[in-house]
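A short worksheet on the structure shown next.
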Amino acid sequence: MTALLDVRGVTLQYKTRDHLVTATYRVDFEVLQSDRFVLLGPSGCGKSTLLKAVGGYMTPVEGTITLKGREVTKPGPDRMMVFQEFDQLLPWKTVKQNVMFALTSGARMSTRAAEEKALHYIDKVNLTKFADSYPHMLSGGMKARVAIARGMAMEPDILLMDEPFAALDALTRRKMQDELLQLWDDTKFTVLFVTHSIPEAVKIGSRILLLSPHPGQVKAELNSNGQDKIDSATGMALTEKIQRMLFADEVEQVHD
Amino acid sequence: MTERPEFVRELATDNAFGVVQKPLTTFERIWNQGYVRKAAILVVLALVWELYARWVNNELVFPTFLATVDAFWDGIRTGGILQRAGHSIRILLQGYAIGLLIAAIFTGLAISTRFGQDLLETLTSMFNPLPAIALLPLALIWFGLGTGSLIFVLVHSVLWAVALNTHSGFKSVSNTLRMVGKNYGLSGLGYVTKILIPAAFPSILTGLKIGWAFAWRTLIAAELVFGVSSGSGGLGWFIFEKKNQLEIPSVFAGLFCVIIIGLLVENLIFRTIEARTVRRWGMQT
């Protein structure tokens with residue numbers, strides 16, 4: 001099976017006011033069709049920067065990113081982003097118009113077809129009652145749902161999610177995770193998901209890429225079935241195994 | 001110390017509550033309307049004016065509110081005050097429109113190139129503090145005694161205020177919204193009109209309001225200096241004429257007219273735009 005998204009030897013750098021920061025160093029990974037691929041690592045491992053590069057907002061200084069065999073050079077509707085920020089919806093458009101606008105301007109759909117499709121996906125995230133509300137009338141969780149509906153309605157090759165639930169309260173976050181998995185069961189979309197939460201990665205992901213910090217390098221790539229499975233070789237639960245891998249140095253220090 | 005006891009309570013059922021929501025009284029609802037409160041302020045101001053003028057009791061210095069209204073009414077019927085106002089507004093709209101157009105070109109340059117941004121920032125910091133009326137003598141030499149000079153100073157008073165606000169509005173559009181726009185594959189003009197302009201609309205609207213006020217001020221002041229263009233002057237000239245004829249109530253009537261037009265434009269036009277855009281979108285409370 002060939003990879004849908006192929007990230008090969010990608011080094012990313014960005015400039016702050018007085019430093020040149022290397023965010024990731026020679027990162028490789030492959031995302032297959034219908035993967036729920038999670039980029040996991042502590043803050044400073046360049047996972048968000050990596051996602052931005054896949055989104056086309058940054059150009060790697062070394063290595064290539066190819067989607068369906070075409071190299072990624074600029075942002076485009078074939079890679080829809082879902083952000084963490086609550087202001088990612090256009091405040092001057094209603095929920096329905098927000099989803100429709102993506103379809104008419106990004107996917108160049110006719111208004112009628114766009115409306116039908118928008119309502120279909122708004123219904124999938126259970127917001128039909130709020131289709132004509134403006135974003136400022138919605139709660140944080142609802143806004144995140146609209147952003148997901150917008151992303152899914154575009155039916156992109158891959159959905160990019162940048163810690164989409166990080167700004168939500170714990171109860172809402174758990175509900176959103178369940179809903180996302182349910183949506184995946186329905187349509188089997190491909191998603192690249194960035195998070196710093198190990199339990200979230202284990203729950204959401206089918207495949208988890210662990211990144212080490214400063215600069216981000218690939219530490220491991222693991223499978224997950226969402227159940228926090230026990231590793232037969234070591235007898236450790238997946239979350240514990242990841243915990244050990246990411247924070248191995250600190251654990252040793254504690255034992256000394 | 002003994003441990004505090006735990007407890008669990010049965011919640012009251014819905015029908016056990018008394019009043020949870022009660023409608024506001026009629027007075028409260030009326031008072032919640034912005035225009036009612038503002039009208040009340042205007043009534044009080046008129047009352048204070050009337051009482052003070054009666055106490056001063058000198059029509060040459062400070063005519064009463066009623067005398068002013070009378071002169072205003074007279075001006076409308078016979079003195080052609082509406083005609084004068086119409087004349088002023090026509091020139092004003094021309095200057096305003098040209099100012100907005102040039103402001104749009106400058107901000108367009110400023111958001112698309114770094115040089116354009118430097119240019120706009122330098123020009124605004126040079127010309128924004130310069131009172132438009134100070135350019136009038138120069139304008140008279142360049143464009144002669146006529147509409148051309150008025151329009152020139154009007155453009156100058158509108159242009160920098162609008163360009164400054166619009167540009168700072170564009171600069172403060174959140175990075176997330178920019179990325180969302182790019183994500184849809186928008187670029188160039190589509191990106192500006194569909195993402196940047198609506199997102200910066202609160203600032204743009206403020207710029208339009210400030211520009212309008214500046215233009216109106218500048219025009220009346222310029223007309224006071226010279227108003228005789230193409231046979232009939234505007235409102236500023238009306239005020240100047242009446243002062244020379246010592247018809248002080250008519251001078252007040254002229255000022256009154258300036259104020260009324262200001263109130264109408266602010267409350268009817270700009271407020272309606274605000275209610276339909278930035279307020280509905282929750283970008284301003």
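With respect to being among the aliphatic types (A, V, I, L, M), part of a loop (DSSP other than H, G, I, E, B) and either buried (at least 17 other Cβ atoms within 10 Å of the Cβ) or more than 14 Å from every other protein chain (Cβ to nearest Cβ) (or both), A:Met109 fits the description. Condition (residue is away from every other protein chain (no Cβ under 14 Å), of a type outside the set (Gly, Ala, Ser) and on the phi < 0 side of the Ramachandran plot) applied to the stretch B:189-197: is it met by at least one residue? No - not one qualifying residue is present in the stretch B:189-197.
Applying the condition of being over 15 Å from A:Pro156 (Cα atoms), of a type in the set (Gly, Ala, Ser) and within 15 Å of the chain's Cα centre (by Cα) to the stretch A:46-78 and asking which residue is farthest from the other protein chains (Cβ to nearest Cβ) yields A:Gly46.
Scanning the stretch B:214-239 for residues that are modelled with pLDDT of 75 or more and surrounded by fewer than 18 Cβ atoms within 10 Å (Cβ to Cβ) turns up B:Arg217, B:Ala221, B:Val225. Restricting the stretch A:92-106 to residues that are modelled with pLDDT of 85 or more and facing chain B (nearest Cβ under 8 Å) leaves a set whose member that is farthest from B:Val173 (Cα to Cα) is A:Phe101.
Residues of the stretch B:236-285 that are within 30 Å of A:Leu90 (Cα to Cα), away from chain A (no Cβ under 14 Å) and of a type in the set (Phe, Trp, Tyr): B:Phe270 alone. Quickly run through the stretch B:70-81 and pick out the residues that are at pLDDT below 85 and surrounded by fewer than 15 Cβ atoms within 10 Å (Cβ to Cβ). Listed by number, the residues that qualify are B:Thr78, B:Gly80. Within the stretch A:191-209, does at least one residue satisfy the condition of being aromatic (Phe, Trp, Tyr) and over 25 Å from A:Arg244 (Cβ atoms)? No - not one qualifying residue is present in the stretch A:191-209.
Among the residues of the stretch B:128-146, just one is aromatic (Phe, Trp, Tyr) and exposed (fewer than 15 other Cβ atoms within 10 Å of the Cβ), namely B:Trp142.
Across the stretch A:79-91, which residue is farthest from the other protein chains (Cβ to nearest Cβ) among those that are more than 15 Å from the chain's Cα centre (by Cα) and surrounded by fewer than 21 Cβ atoms within 10 Å (Cβ to Cβ)? Looking at the filtered set, the residue picked out is A:Phe86. Considering (1) in contact (Cβ under 8 Å) with a residue 60 or more places away in the chain; (2) outside any helix (DSSP H, G or I); (3) over 24 Å from B:Glu241 (Cα atoms), the lone condition that B:Pro129 does not fulfil carries the number (1).
The values are calculated or read from the model by the stated rules, or taken from the named source; none is laboratory data. What you see is a predicted model; the values in this text were computed from it and never measured. Quick reminder, even Gly has a Cβ in these numbers, built from the backbone with ideal geometry, and neighbours come from all protein chains shown.
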